[in-house]
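The values are calculated or read from the model by the stated rules, or taken from the named source; none is laboratory data. As the structure is a computational prediction, the values presented were derived from the model and not from experiment. Cβ atoms come from the backbone with ideal geometry, glycine included; neighbour counts cover every protein chain shown.
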Amino acid sequence: MKSAVITFPGSNREGDVIRALRRATGHEPVSIWHQDMDLPQGTDLVVLPGGFSYGDYLRCGAIAARAPVMDAVRTHAAKGGLVLGICNGFQILVESGLLPGVLMRNAGLKFICKMQHLKVGRTDTPFTSAYSEGQIIKVAIAHGEGNYVADTDTIARLEGENRVAFRYCTAEGNTKAGNPNGSLNDIAGIYSERLNVLGMMPHPENLIETLVGGIDGRGLFESLSAFRRAA
Amino acid sequence: MKARVTVTLKNGVLDPQGKAIEGALKSFGLDGVDSVRQGKVFDIELSLTDKAEAEALLKAAAEKLLANTVVENYRIEILS
């Protein structure tokens with residue numbers, strides 16, 4: 001698994017993602033700057049980390065989505081390459097058109113920073129094979145704009161095609177009661193049509209050590225590490 | 001040439017900030033306030049002189065960056 005992590009001005013979780021990938025895959029991820037035009041040859045996975053790219057000016061992720069490197073990310077995704085966007089990375093993916101919908105201000109208007117339970121969706125994807133379907137995991141959320149909104153047709157398509165990767169829930173698995181930000185259908189993460197692009201608001205990269213609250217985030221990186229692209 | 005692009009949320013899109021402002025205005029006793037929707041205004045200076053050309057440029061700017069047309073509408077005005 002050769003991975004590349006993109007840093008935009010204002011990204012701040014790239015170190016955590018690099019550490020999680022290094023730990024799970026045994027390979028050192030390549031660090032890419034937003035002004036780079038190309039991804040390294042043979043890149044399997046591109047990660048857009050969390051943070052506040054361009055200070056969240058205009059709309060979260062809006063300016064980063066138009067950065068030079070994003071053309072290479074689009075090409076990579078079009079060829080079936082894996083793309084993971086976490087938090088601000090998810091916002092960048094919807095702004096760049098790689099995923100549908102939009103992330104609006106949290107319904108309660110507050111920035112939410114806390115531990116959050118999620119229900120895992122399907123597990124036949126490169127991102128979730130190490131989990132079991134319906135498994136409840138505990139990760140962290142830290143966002144002000146995580147309220148997933150899309151038109152009725154888009155939501156129906158996401159649900160019909162089983163493309164909701166994770167839903168917010170309580171520790172007991174109650175999705176509606178566990179929704180922290182007003183997201184439609186309690187959506188915390190979604191896949192692209194071909195399941196090779198995943199965008200999610202929660203931070204699995206921050207839950208990989210018992211010392212800091214749990215290891216439920218490891219599954220995602222272990223899934224990626226175990227994934228072998230069909231030749 | 002001076003122009004203004006106004007970006008507003010589409011009808012039906014929840015606007016919690018507008019709601020909060022609406023609540024604050026109502027709490028001042030401004031009873032005539034029905035509802036508030038928050039938007040953005042971009043004042044743009046152009047080096048162009050042709051109006052049609054300017055409008056085409058502003059449309060591109062709005063669609064490419066200034067507005068997220070999934071949830072926002074935009075309006076272009078040439079001011080002078």
Quiz item: Restricting to segment A:107-128, what's the tally of residues that are more than 23 Å from A:Ser223 (Cβ to Cβ), at pLDDT 95 or above and not charged (D, E, K, R)?
Solution: 3
Self-check item: Residue that is in a helix (DSSP H, G or I) and farther than 23 Å from A:Asp151 by Cα, where the choices are B:Ala3, B:Ala61
Solution: B:Ala61
Quiz item: When segment A:92-133 is examined, which residues are found to be among the polar types (S, T, N, Q) and within 14 Å of chain B (Cβ to nearest Cβ)?
Solution: A:Ser96, A:Asn106
Quiz item: touching a Ser or Thr at 6+ places or on another chain (Cβ under 8 Å), surrounded by fewer than 21 Cβ atoms within 10 Å (Cβ to Cβ), part of a loop (DSSP other than H, G, I, E, B) and not hydrophobic (A, V, I, L, M, F, W, C): does that describe A:Ser132?
Solution: yes
Practice problem: Go through A:Asp16, A:Asp56 for me and flag whichever is surrounded by fewer than 22 Cβ atoms within 10 Å (Cβ to Cβ) and more than 14 Å from chain B (Cβ to nearest Cβ). | Solution: A:Asp16
Exercise. Taking the residues in segment A:203-229 that are acidic (Asp, Glu) and not in a loop (DSSP other than H, G, I, E, B) as candidates, determine which candidate is farthest from A:Val149 (Cα to Cα).
Key: A:Glu209
Practice problem: Could you look through segment B:25-56, keep only residues that are part of a strand (DSSP E or B) and either over 30 Å from A:Asp151 (Cα atoms) or more than 14 Å from chain A (Cβ to nearest Cβ) (or both), and pick out the one that is nearest to the chain's Cα centre (by Cα)? | Solution: B:Asp43
Self-check item: B:Glu22 vs. criteria surrounded by 13 or more Cβ atoms within 10 Å (Cβ to Cβ), within 14 Å of chain A (Cβ to nearest Cβ) and in a helix (DSSP H, G or I)
Solution: yes
Exercise. Would you list the strands (runs of 3 or more DSSP E) that sit entirely within segment A:1-50 and hold 2 or more residues that are on the phi < 0 side of the Ramachandran plot and either without any contact (Cβ under 8 Å) to a residue 40 or more places away in the chain or in contact with a His (Cβ under 6 Å, 6 or more places away or on another chain) (or both)?
Key: A:30-33
Quiz item: Which members of segment A:57-70 meet the condition of being assigned to a helix (DSSP H, G or I) and touching a Ser or Thr at 6+ places or on another chain (Cβ under 7 Å)?
Solution: A:Ala64, A:Ala65, A:Met70
Practice problem: Would you confirm whether any residue within segment B:17-32 is of a type in the set (A, V, I, L, M) and touching a helix residue (DSSP H, G or I) at 6+ places or on another chain (Cβ under 9 Å)? | Solution: no
Practice problem: Using the structure shown, decide if A:Leu84 is crowded, with 24+ Cβ neighbours inside 10 Å, more than 10 Å from chain B (Cβ to nearest Cβ), under 20 Å from A:Arg157 (Cα atoms) and modelled with pLDDT of 95 or more. | Solution: no
